[in-house]
1. If one takes the longest principal axis of the Cα atoms in the chain, at what angle in degrees, from 0 to 90 and to the nearest 10, does the Cα axis of helix 159-173 lie?
2. Take every DSSP beta bridge whose two residues both sit in the chain, then give the antiparallel share in percent to the nearest 5.
3. Can you work out the Karplus-derived ³J(HN,Hα) for every residue in the stretch 49-54? Use 6.51 cos²θ - 1.76 cosθ + 1.60 with θ = phi - 60°, whole Hz, and x for glycine or proline.
4. Ordering 55, 194, 166 by how much accessible area each has at a 1.4 Å probe, largest first, what is the list?
5. With a 1.4 Å probe and every protein chain kept in, tell me what percent of the accessible surface of the chain is carbon plus sulfur.
6. Taking a ≥ b ≥ c as the square roots of the Cα gyration tensor eigenvalues, with a/c under 1.5 meaning rounded and otherwise prolate when a/b beats b/c, else oblate, which class fits the stretch 112-194?
7. Using the structure shown, list the pairs from 53/140; 42/138; 64/93; 87/138 with a Cα-Cα distance above 28 Å, or answer none.
8. Within the chain, what is the longest stretch that has no trypsin sites (Lys or Arg not before Pro) placed in a DSSP loop and near at most 16 other beta-carbon atoms within 10 Å?
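The values are calculated or read from the model by the stated rules, or taken from the named source; none is laboratory data. Please read these numbers as outputs of a predicted model, since none were measured by experiment. So basically every Cβ, Gly included, is an ideal-geometry build from the backbone, and we count neighbours across all protein chains shown. Please note that ligands, DNA and RNA were not included when accessible areas were found on the heavy atoms of the full protein model with its side chains. Shrake-Rupley method; radii C 1.70, N 1.55, O 1.52, S 1.80 Å.
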Amino acid sequence: MSSSDWYKPELLSQLSRKRDKEIVDAMLAAEVKKYEDLQFTKADLATVAEATKALALQCQMQAKATLEQFVTRCLADIFPENRYRFKLVYERKRDQSEVRFVLVDAEGNEYDPLNANGGGVVDIIAFALRLATIVLSKPKPAQVLILDEPFRFLSADHRGRVAALLDSLASELGFQFIMVTHIPELARGNVVEL
């Protein structure tokens with residue numbers, strides 16, 4: 001093409017088409033690159049999601065073991081004749097984990113603690129779970145547990161064992177229990193009567 005041919009319409013049209021094609025090709029290449037990067041990101045996200053699920057399951061199992069042992073220990077201290085074992089049963093519902101509480105007796109029979117036992121058992125489980133969650137917390141909160149009538153459904157023949165359990169846990173864990181109660185056997189330490 002000579003210098004005098006540049007203004008010819010057909011040449012200008014060819015150059016324009018060529019330039020347009022290069023622009024379109026460059027834009028298409030950029031879009032393909034974005035799509036490839038996005039696919040790479042989706043794969044990365046899937047890998048991270050799987051790793052997160054695995055870590056969550058591991059944490060769940062560690063917490064499960066600690067909670068079961070702690071609650072079982074408290075139940076054994078108060079109800080040694082029943083030899084209850086506390087168990088957490090995890091179930092997958094609506095694409096998330098749910099947990100239900102189960103008591104297992106010496107023969108392996110499972111019971112729903114809310115429906116199959118007296119309120120005293122539920123009082124001990126509730127107390128033990130509250131205390132265990134504080135013990136498991138990171139960072140550690142203040143080692144104080146404030147309780148309002150925590151053992152109100154516990155029969156009188158178990159009150160001495162509860163008092164011994166409170167003393168034992170306070171000593172072992174370095175905990176202070178502040179408790180409102182009408183049960184004189186549970187009054188320990190600095191007692192304020194109203």
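1. Roughly 50 degrees, rounded to the nearest 10.
2. Percentage antiparallel, nearest 5: 70.
3. 4, 5, 5, 5, 4, 5
4. Reading off the accessible areas and sorting them downward yields 194, 55, 166.
5. Numbers: 7770 of 13320 Å².
Accessible surface attributable to carbon and sulfur in the chain totals 58 percent.
6. Oblate, since a/c reaches 1.5 and b/c is not below a/b.
7. 42/138
8. Numbers: sites that count: 83, 94, 152, 188.
Result, exposed sites excluded: 1-82.
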